[in-house]
1. Given H placed on each backbone N at 1.01 Å, which residues far from D:THR52 in sequence or on other chains put an amide H within less than 5 Å of it?
2. If you count, for every residue in A:134-140, the Cβ atoms of partner chains within 10 Å of its Cβ, what is the mean?
3. Can you list the copy-to-copy distances for A:SER131, using a point 7 angstrom from Cα toward Cβ, in nanometres, shortest first?
4. For chain C, modelled as a GNM with alpha-carbon contacts under 10 angstrom, which of C:PHE103, C:PHE76, C:PHE90 fluctuates the most?
5. In whole Hz, with x marking every Gly and Pro, tabulate ³J(HN,Hα) for the stretch D:83-90 from phi via Karplus 6.51 cos²θ - 1.76 cosθ + 1.60, θ = phi - 60°.
6. Can you compute the helix-only [θ] at 222 nm over the protein assembly as shown? Use -39500 (n - 2.57) per DSSP H run of at least 4 residues, normalise by all residues, nearest 500 deg cm²/dmol.
7. Going by amide H atoms built from the backbone, whose H comes under 5 Å of the H on D:LYS111, apart from near neighbours?
8. Where does helix B:60-76 land angle-wise versus the long Cα axis of chain B, in degrees 0 to 90, nearest 10?
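What follows is calculated from the coordinates using simple rules that are stated; it is not laboratory data. Everything quoted here is computed from the prediction, not taken from an experiment. Neighbour counts are summed over all protein chains in view; Cβ atoms, including those assigned to glycine, are modelled from backbone coordinates with ideal geometry.
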There are 4 protein chains.
Amino acid sequence: MPQTFTPPDPNYENRIRASFGEQKAMQTIGATLGSVHPGEVSIELPYSEHITQQDGFLHAGIVTTIADSACGYAAFSLMPANSRVLSVEFKVNLLAPAIGEGFIAIGKVIKAGRTLTVCSGEVLAFQGGESKLVALMQATMIRVD
Amino acid sequence: MPQTFTPPDPNYENRIRASFGEQKAMQTIGATLGSVHPGEVSIELPYSEHITQQDGFLHAGIVTTIADSACGYAAFSLMPANSRVLSVEFKVNLLAPAIGEGFIAIGKVIKAGRTLTVCSGEVLAFQGGESKLVALMQATMIRVD
Amino acid sequence: MPQTFTPPDPNYENRIRASFGEQKAMQTIGATLGSVHPGEVSIELPYSEHITQQDGFLHAGIVTTIADSACGYAAFSLMPANSRVLSVEFKVNLLAPAIGEGFIAIGKVIKAGRTLTVCSGEVLAFQGGESKLVALMQATMIRVD
Amino acid sequence: MPQTFTPPDPNYENRIRASFGEQKAMQTIGATLGSVHPGEVSIELPYSEHITQQDGFLHAGIVTTIADSACGYAAFSLMPANSRVLSVEFKVNLLAPAIGEGFIAIGKVIKAGRTLTVCSGEVLAFQGGESKLVALMQATMIRVD
């Protein structure tokens, strides 16, 4: 069953949108922030040649970049104002070649602790109205005051 | 003790340099291929604002991008000609903020199997002649024929 | 949405129950096989002092043992007769102290490939009619013929 | 180059040996504590049928059990007296079937932070005077006061 989270900072969405705007890597790869909910954040990325590996697939590191930010902001949505979030570690399985018209990374909080938050991230590829799961992330985020 | 590997394809370095040249994501982030040895490959990346996260550190996904390619090409160096390499999965610990004048990712083969190759990757940050370990990767690569 | 899998071997449940019976480590820790469905297997483990760490919690390695077998058999349920399954790698987050009257590990197939299968595993602790998620696994299994 | 660590608690070895003695799971599987140095701890485990999986190999969860405790105590060696250590997460690659007369898990601290410590663990199998790397762990440990 999906969990319901109550963010300690009611201004969490503005805080996340402002922080995302400062992630210059997101502009470089062409990603934009999608939906922002308590404990769940999505990031959208259109396919583009400038972020591919040798076979024309999205580079696994770029797939990871959007999954990491989606998970980080999902964790951040449940942190108090004036805190910061950093990635402690993550593990990513690449399930299928990251090919498609566009991609969406969805980060969800699994367990929000005082210091550490564990998240699950998915990256879906979209092509002609169909979607496919191309990557799965399990991540640990830390709150820094 | 470090292992010594004998690459089945004596032309492995050319094959890797050609493949790296086709990774458009590498040009986008500003990374270049460093040394290429059997079972060990390094990738260099100067610090640049366009690949940062909200605090001005290198984005964890970009750190992962160079570590993943370094590990992938380390694995690829021990694969036969005409094979391809793909990332199955990786896990990255971010050990310190990725700040510095430049970064180097070093990928090393730990175990080269017929189908799967397990690699270890390190990312070091350089600042004023000092280096610091900022990320550690453990990765599984697969050979595709 | 949950996936529906069709096992290539209709005899998959017998095959899994026979294999589980040969995992002597399961008898040693006191685990029993629960439900067996295509792509989803559960393992039950009552709390016992002989499998604890220094604080009286279930040892993280024992938590991993039941999650690994649940994921391995979930993968195995979708493999052809006469194949074997081995763990390539897994990553486990320990989300809460593993304390309770009993535990259940549920392994689910996320992506079944020809050679590699990616699974997600959960370990729940039960106490007084309540359950709590204590561990989350992301695992890669390989089919060996 | 190997790092040199100075443990804040000079009594670290006694503290670790006492804690290990309370890990009942270690007695159950037959493991004993080997060497204890600042930032590096080893655990020894003779092969025994009661800890195997269906093929007669050491169960991957048992391999993980000794690697986890070796990493946890390596981290613990650098923590102050009166603190406790818990596993946050770990990732394990199984590199070869865990077969042999005996096994040794060696846990080493890679980065000791105030709260989190990142460790690397290896499990070696011994057979007839030869050793073989059978598993590689990357783990995050947390200090609890």
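1. Those qualifying (amide H under 5 Å, at least 5 residues apart or on another chain) are C:LYS24, C:ALA25, D:HIS59.
2. Going residue by residue through A:134-140 and averaging, the value is 5.
3. For A:SER131, the other copies' label points sit at 2.6, 4.3, 4.9 nm, shortest first.
4. C:PHE90
5. Each residue of the stretch D:83-90 in turn: 8, 10, 10, 9, 7, 7, 5, 8 Hz.
6. -7000 deg cm²/dmol
7. D:VAL118
8. So the inclination is approximately 20 degrees.
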